[in-house]
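Visitor: Could you have a look at this structure, given as structure tokens, before my questions?
The values are calculated or read from the model by the stated rules, or taken from the named source; none is laboratory data. All figures in this text were calculated on a predicted structure; none of them were measured in a lab. So basically every Cβ, Gly included, is an ideal-geometry build from the backbone, and we count neighbours across all protein chains shown.
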Amino acid sequence: MRIRTLFGTVLLGAVALFASAAWSGEGSGIPKPDIVISNPGKCVADVDTMRRTHMDMLKHQRDLTMRQGIRGAKVSLNACIDCHASKSNGSVLGSDQNFCQTCHAYAAVKLDCFECHQAKASHPIGAAAPAEAVASKEGAR
Amino acid sequence: MSDKTPNQSRRAFVATAGAAAAGVMIAPGVHLIEVASARPAGEAASRTVRWGMLVDVTKCQEGCTACVSACNKENALETALPQNQAPQWIRKVDLKDKSTGRALSLPMMCQHCEKPPCVDVCPTGASFKRADGIVLVDRHICIGCRYCMMACPYKARSFVHETLENQNPEVPRGKGCVEACTMCVHRVDKGQQPACVQACGAEGHAAILFGDLNDGASEIAKRIRSVATSQVRADLQLNPGVRYQGI
């Protein structure tokens, strides 16, 4: 009886240790996304706001633009793409280095916008490698 | 953040609405260009405007498809699909009166009805009419049921059958949605003419006139006041925004 209790305690401890290691991300094997911004500049809001609410901002604006015809707003999907398209393929999609895809792949959130919307920037983006413009990597890897 | 945005747009709207009202008072009836300028940023489409077209069938040439090609190019409708699946926002129709032999050729597209049957039947509210009379499909909530295609007496709507990649950034389109002529809403909002109207003019026919039906001083309002024009299937009392002259 006592041996069984001891065994249970050890097992529980091992599980707890393993779980805490996985939870903290240390040695979890899933690298943080490597966010590359090809055209760094001023976004419409700070990074934390954009990360949490970009989907709400876009959804709110899409209804205003679609239903009421309000154009030229601060929030615009095409404006997002024009700044965030990668220099290598001119798109926000394509690989896990491309801006939209990198986080959505990491967070396992389906990216529906580009079922209909054009993922490529409307103007050509320089063909240079996006090495120099690595912004907000935030302890990646 | 999210509660700041409406305030800013409201402020912009109030400012521009005031400017627009002042502009109307200063120069009533003075219009050098049909579509004077783009609607200011942040301003919603107005219900005082009703965009419409007048097709002069006597000027439309049989065999000319400039309007169709321009529409396909502007809205990136080109496809390798067979014709029975290819999207069609505007088509040319050739008619002949057998008793007199009189032949006609005319473009047929979404007629942008005042009382659109496609909007009546839509189960999700995706099919809607904008305040300025343009009938559109909100692809975000369209489920592709195609009731509107059945309801439209002008056979104006198409279904997207294939996955698309080469959309015009200003004209989002995707598989599984119904679509139709948008009267080039993205161009109209910038103060430009629809692509078909521009192409017809460039071809030298100038058979399609675009403008504000509600503005008594506009070229289109003057024309429909002075010449006999008709609506296709006027018996349905849908009051289409597209009118025809000479049919």
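Visitor: Kindly indicate which of A:C103, A:C83 is touching a residue at least 40 places away in the same chain (Cβ under 8 Å), more than 27 Å from B:E162 (Cβ to Cβ) and more than 14 Å from chain B (Cβ to nearest Cβ).
Guide: Details: A:C83 fails: more than 14 Å from chain B (Cβ to nearest Cβ).
Of the residues listed, the single one that is touching a residue at least 40 places away in the same chain (Cβ under 8 Å), more than 27 Å from B:E162 (Cβ to Cβ) and more than 14 Å from chain B (Cβ to nearest Cβ) is A:C103.
Visitor: In addition: Take the residues in the range B:72-105 that are among the hydrophobic types (A, V, I, L, M, F, W, C) and touching an Asp or Glu at 6+ places or on another chain (Cβ under 8 Å); name whichever of them is surrounded by the most Cβ atoms within 10 Å (Cβ to Cβ).
Guide: Filtering first and then ranking leaves B:W89.
Visitor: Give B:E203, B:E219, B:E162 a once-over and let me know the one that is surrounded by fewer than 20 Cβ atoms within 10 Å (Cβ to Cβ), within 14 Å of another protein chain (Cβ to nearest Cβ) and modelled with pLDDT of 95 or more. I'd like the intermediate steps shown before the answer.
Guide: Numbers: B:E203 fails: within 14 Å of another protein chain (Cβ to nearest Cβ); B:E219 fails: within 14 Å of another protein chain (Cβ to nearest Cβ).
Selected residue: B:E162, the only one of B:E203, B:E219, B:E162 that is surrounded by fewer than 20 Cβ atoms within 10 Å (Cβ to Cβ), within 14 Å of another protein chain (Cβ to nearest Cβ) and modelled with pLDDT of 95 or more.
Visitor: In this structure, does A:K32 turn out to be in contact with a Lys or Arg (Cβ under 8 Å, 6 or more places away or on another chain) and among the basic types (K, R)?
Guide: Numbers: in contact with a Lys or Arg (Cβ under 8 Å, 6 or more places away or on another chain): yes; among the basic types (K, R): yes.
Taking the combined requirement at face value, the residue satisfies it.
Visitor: Mind checking which residues of the range B:201-227 are part of a loop (DSSP other than H, G, I, E, B) and polar (S, T, N, Q)? Quick ask: steps written out before the conclusion?
Guide: Step one: filter the range B:201-227 for residues part of a loop (DSSP other than H, G, I, E, B), giving B:203-207, B:213-218, B:227.
Listed by number, the residues that qualify are B:N214, B:S218.
Visitor: Could you list, in sequence order, the residues of the range B:165-200 that are in a loop (DSSP other than H, G, I, E, B) and more than 9 Å from every other protein chain (Cβ to nearest Cβ)?
Guide: Residues of the range B:165-200 that are in a loop (DSSP other than H, G, I, E, B), as a first pass: B:165-177, B:180-184, B:189-194.
Of everything in the range B:165-200, those that are in a loop (DSSP other than H, G, I, E, B) and more than 9 Å from every other protein chain (Cβ to nearest Cβ) turn out to be B:A180, B:C181, B:T182, B:M183, B:C184, B:G191, B:Q192, B:Q193, B:P194.
Visitor: Next up: For B:V160, only one of the following conditions fails: (1) closer than 19 Å to A:R62 by Cβ; (2) free of Cβ contacts under 8 Å to residues at least 60 places away in the same chain. What is its number?
Guide: (2)
Visitor: Mind listing whichever residues of the range B:71-105 are touching a strand residue (DSSP E or B) at 6+ places or on another chain (Cβ under 9 Å) and closer than 22 Å to B:V171 by Cα?
Guide: We begin by selecting, within the range B:71-105, every residue touching a strand residue (DSSP E or B) at 6+ places or on another chain (Cβ under 9 Å); these are B:71-72, B:75, B:77, B:85-97, B:102-105.
The answer is B:C71, B:N72, B:N75, B:L77, B:Q85, B:A86, B:P87, B:Q88, B:W89, B:I90, B:R91.
Visitor: Scan the range B:134-155 for residues that are touching a residue at least 60 places away in the same chain (Cβ under 8 Å) and surrounded by 23 or more Cβ atoms within 10 Å (Cβ to Cβ) and jot them down. Give the steps one after another, and end with the answer.
Guide: Of the range B:134-155, the ones touching a residue at least 60 places away in the same chain (Cβ under 8 Å) are B:134, B:153-154.
B:I134, the sole residue that qualifies.
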